[in-house]
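The structure under discussion appears below in the form of structure tokens.
The values are calculated or read from the model by the stated rules, or taken from the named source; none is laboratory data. Source: prediction; values computed, not measured. Note that each Cβ is placed from the backbone with ideal geometry, even for glycine, and that neighbours are counted across all protein chains shown. Surface accessibility is based on the protein's heavy atoms, side chains included, excluding ligands, DNA and RNA. Shrake-Rupley method; radii C 1.70, N 1.55, O 1.52, S 1.80 Å.
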Amino acid sequence: MSAHTPEPLRPVTGILPAARDRWVLLLVCTLAGIGLGVAAIPLAPVSATATATVQVGPGLVRILELAPAPASAEDSVALAATRPVHAAIAEELGTDVEEVEDSLTVAVRDGTSFIDFRYTAPTAVDAEAGADAASVAYLEAAQADAFERWQRQKQKVYNLIETAPATQTNRLRQQSQSLNSTIVDVGQIAQPAEDTAEESALPTGVLPLAGGLAGLLLAVVAAYLLEARSPRLRRRGAVSVPGVRDLGALEGRASVGIAGVAAMLGVGRRLGGVDGDDARHVRLGVDVMAKGRDDLVGVVRRQLAEAAPDLEVRVVPVDLETVDGLDEAASCDGIVLIGVEGITRVDEIDQTVARLDFVDAPCFGIATAGGRRWAASA
């Protein structure tokens, strides 16, 4: 029998079986991720948000006008969001415009002429300074905008006076006088940002949860790669090794495991085919390729007794991975390999079959058993 060289990568049946059989890896990685998340809580970034409030004024107001209508709050918000205003704020704070755009939020209070300037920064002091700088920069920009509109209007009236007919001159002069008695009122700071900063941080459970999920994800990926590198048996009765017979699924009871009974009958027929009285006294070595599953040797023994009750077979466990096991196998009349679903690796089967080259006893084939103990002993 020729030795088998395991392939470096084999097809994988799915992520779930690979993860299920490596649940210890998943548990350890998940707990490690949670631990790292807990350790990172003190290092989590903390931010503060402060608010400065401006009451929007009417803009251009004639002297002695008692109840001037306020300017549009929406227009004021649009002015506060312009790049020149952001540039003025950035200059005041000593930062760049992009940071101001990311940190500043301007919103009007519904149904009012009040505008809130909210600024977020790493510390409360910086947040309050940013909100105050934003409110001041807006008022200065609004003041300049209103004054520019007043100048344009006055220049327009002056030009009309120069070119208008005499019948319209008096009315235009009245408009000019009205403009001369106009003042600029763009609003005022209703509430500075002092003592308005509110610190915020991630909820305590977020980092441990994220760490646990990250650890679980990494463990699943690792389990999948390990399965791809060294896949395990996934289905009983589906072993395909060149030159070695597939004995099918090894069930706990002969009446249930038809494939297992047929496999054991095949072994019994092979053992009973030797001539002479000594043919009734044979040794069958059973190599269970899964730690802690020596109970499968008893399953083989019971199924042989059911399949060939007149055949006296001594079933002995052997371990082909050890020198003593190879010596024990050499004294047997035949060898049966047992693989366990979800535990026995495919490359382990290849290596065990390759060791049969050093054993004179014939290998009758490979049977597979379920991963749970009751599946093989019930």
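Measuring with a 1.4 angstrom probe and ignoring ligands and nucleic acids, V282 comes out at about 10 Å² accessible.
Hey, can you find the accessible area per residue of the stretch 92-159 for me, probe 1.4 Å, expressed in square angstrom? That works out to 56 Å² per residue.
For the pair E98 and V125, label points projected 7 Å from Cα toward Cβ lie 2.7 nm apart.
Please give the length that would be gained between L36 and T112 if that part of the chain were fully extended, namely 0.36 nm times their separation in residues minus their C-alpha to C-alpha distance (nm, one decimal). Don't jump to the answer; show the numbers that get you there.
Details: separation 76, 0.36 × 76 = 27.36 nm, distance 4.81 nm.
Gain in length upon complete extension: 22.6 nm.
Of the peptides 97-109, 117-129, the order by per-residue mean of other Cβ atoms within 10 Å, starting with the highest, comes out as 117-129, 97-109.
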